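Below is one structure, written out as structure tokens; comments come after it.
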Amino acid sequence: MVDDDRSVQEAIIDELADSNYEVRVVSDGDAAIRFLDTRIPDLLVLDLRLPHVSGPMVAAKLNLLPSRPRC
């Protein structure tokens with residue numbers, strides 16, 4: 001999950017964790033891109049307005065990966 005709003009993070013973590021998903025959280029676009037360089041998530045919850053690198057730029061990076069989740 002990529003979001004810089006703590007209340008949004010907590011709400012989504014609660015929902016996904018209740019369904020037995022492992023949730024990783026980063027708070028800005030730079031961190032999201034670094035994460036995508038090391039792991040490809042099954043699901044990505046992505047805020048469009050992020051500090052440093054925008055959500056659409058993160059999505060564009062994700063779409064360039066050979067094995068990627070559907071956007």
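The numbers here are math on the coordinates, done by the rules we state, and not lab data. Remember, it's a predicted structure, so these values are computed and weren't measured experimentally. Note: ideal-geometry Cβ built from the backbone for every residue, glycine included; neighbour counts use all protein chains shown.
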Fully extended contour minus Cα-Cα distance, from Leu48 to Ala17, at 0.36 nm per residue: 8.9 nm
Net charge, Asp3 excluded, C-beta distance under 11 Å - Lys, Arg +1, Asp, Glu -1: -3
Binned Cα-Cα distances of segment 6-64, short to long, each 5 Å bin given as a whole percent: 4, 18, 30, 24, 18, 6, 0
